[in-house]
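The values are calculated or read from the model by the stated rules, or taken from the named source; none is laboratory data. Nothing here was measured: the structure is a model prediction, and the numbers come from that model. Every residue, glycine among them, receives a Cβ derived from its backbone with ideal geometry; neighbour counts consider all protein chains shown. Just the protein is used for accessible areas: all its heavy atoms, side chains included, with ligands, DNA and RNA removed. Shrake-Rupley method; radii C 1.70, N 1.55, O 1.52, S 1.80 Å.
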Amino acid sequence: MTLNATVTAIVNSSLASGIVPSSFKHAIIHPLLKKAYLDPAIHDNYRPISKLPFMSKILERVVYSQLYSYLNAFNILDTFQSGFRCLHSTESALLRVKNDILLSMDSGSPVVLVLLDLSAAFDTIDHDILLKRLECMVGIHGTTLQWFSSYLKERTFSVNMANFSSASSHLKCGVPQGSILGPLLFSLYMLPLSSIFQKYSISYHCYADDSQFYFPVSIDKNRASNNALNCFKDIKQWLANNFLQLNESKTEVLILGSSLSSQPGLVVELGPLASNIQDPVSNF
């Protein structure tokens, strides 16, 4: 049997049985210093580089291709998620957000932009919630759903550094770092978040785990701010319910526009977000 035929047989066997071989689910973590000049004795100065078996990448690529085609065919992905998508990028996200803000400013309304920061979002994904998302929101059932369950669960990792290697440990949550499917699965995990923004008619855009929402401050500024604050409250609750941690100390608020003097009391009306306001931006 040729190499190509062997690889094809392994991939087809996994897909048909709904089982991912355990040897495909072990990651080796190599900690690397983020910058050469940083102190190697401080753990926070390291970036964990996750390496997965080559064959697992081939299997994931096959599944990714089929899943992505299915998601596009049925328009399941969030329209305003630009992360890890063909023909989308940080540039497309920036263009959309900037265009919306400029349109609002041209009409004479300053805009409040809230930049949400999540802590280690990819590492805290709950597997059972993700599988339920795949079943109920994406429409995956049967052997295919069983395959994703096998892919997510009973994963292990060990840490290699210099000539030393740790014992294997189990990963009980999160999507696999360094994987091909991980980012796409994260996007599907975040799908319900869009319904919160839509509920309050708040504009938003996401790039992977970076989310931002924004709203114009019109004459009826109390109504606009209260609506946004209620939206923010629901977002925090949804994140907590889904084991995602909002880093409020790193969440930033920007006020964009040249008409701030005509909007007295704006800072006060932002409630708990007022403490996150950065230096005013007059020219955007």
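Side notes on the structure shown:
- Among the residues examined, HIS170 does not qualify as out of contact with any strand residue (DSSP E or B) (no Cβ under 8 Å at 6 or more places or on another chain), within 26 Å of SER13 (Cα to Cα) and not hydroxyl-bearing (Ser, Thr, Tyr).
- In the stretch 189-210, of all residues being part of a loop (DSSP other than H, G, I, E, B) and among the hydrophobic types (A, V, I, L, M, F, W, C), the one that is surrounded by the most Cβ atoms within 10 Å (Cβ to Cβ) corresponds to MET190.
- Residue pairs whose Cβ atoms lie under 7 Å apart, separated by 6 or more positions or on different chains, with the first residue in the stretch 193-207 and within 15 Å of ASP100 (Cβ to Cβ) and the second open to solvent by 20 Å² or more (accessible area, probe 1.4 Å) and among the aromatic types (Phe, Trp, Tyr), are TYR204/PHE80; HIS205/PHE80; CYS206/PHE80.
- Of all residues in the stretch 149-168 being out of contact with any helix residue (DSSP H, G or I) (no Cβ under 6 Å at 6 or more places or on another chain) and either β-branched (Val, Ile, Thr) or assigned to a helix (DSSP H, G or I) (or both), the one that is most open to solvent (accessible area, probe 1.4 Å): VAL159
- A count restricted to the stretch 236-247 and to residues that are touching a residue at least 40 places away in the same chain (Cβ under 8 Å) and closer than 15 Å to PRO272 by Cα stands at 2.
- The number of residues in the stretch 243-284 being at pLDDT below 75 and assigned to a loop (DSSP other than H, G, I, E, B) comes to 10.
- Take the conditions (1) at pLDDT below 95; (2) touching a strand residue (DSSP E or B) at 6+ places or on another chain (Cβ under 8 Å); (3) not hydrophobic (A, V, I, L, M, F, W, C); LYS25 misses just one of them, which is (1).
- Output for the stretch 40-78, where each listed residue is open to solvent by less than 70 Å² (accessible area, probe 1.4 Å) and either in contact with a Ser or Thr (Cβ under 7 Å, 6 or more places away or on another chain) or among the acidic types (Asp, Glu) (or both): LEU52, PRO53, LEU59, GLU60, LEU77, ASP78
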